[in-house]
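Asks: Quick one: structure below, then a few questions.
The values are calculated or read from the model by the stated rules, or taken from the named source; none is laboratory data. Model, not experiment: these values are computed from the prediction. Please note that ligands, DNA and RNA were not included when accessible areas were found on the heavy atoms of the full protein model with its side chains. Shrake-Rupley method; radii C 1.70, N 1.55, O 1.52, S 1.80 Å.
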Amino acid sequence: MKFSFVHKSSIYIWMIGIVAALVSSFTVEFYESRRLHDQVEIQFHTKVNSLEQSMRSLSQLLYSTHHFLQNGNNPTQEQFEHESTACE
């Protein structure tokens with residue numbers, strides 16, 4: 001009778017240990033995947049912001065080039081200063 005009690009209690013201990021290990025494994029998996037997802041999202045937003053800044057710079061360059069060409073490729077110093085500061 002003592003043997004069956006020890007045997008049952010060890011089975012319960014093993015079951016509790018296995019369940020705890022599985023729950024821990026799933027929890028770590030969940031948080032690791034969430035962390036990776038957040039890293040990808042941060043990188044994506046960083047790249048989008050960088051692209052937006054590049055597009056603004058390109059737009060300013062095109063705007064400046066347009067005004068430079070309108071002045072006959074020979075702007076005065078005042079016109080050049082005005083065009084370079086007008087785009088900022």
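Asks: Is one or more of the residues making up the stretch 50-60 open to solvent by 100 Å² or more (accessible area, probe 1.4 Å) and modelled with pLDDT under 95?
Replies: At the first step, the residues of the stretch 50-60 found to be open to solvent by 100 Å² or more (accessible area, probe 1.4 Å) are 51, 53, 55-56.
Subsequent filtering for residues that are modelled with pLDDT under 95 retains 56.
Yes, because at least one residue in the stretch 50-60 is open to solvent by 100 Å² or more (accessible area, probe 1.4 Å) and modelled with pLDDT under 95.
Asks: Taking Q53 as the residue in question, decide whether it is part of a helix (DSSP H, G or I) and more than 30 Å from H82 (Cα to Cα).
Replies: Working: part of a helix (DSSP H, G or I): yes; more than 30 Å from H82 (Cα to Cα): no.
Criteria not met by Q53.
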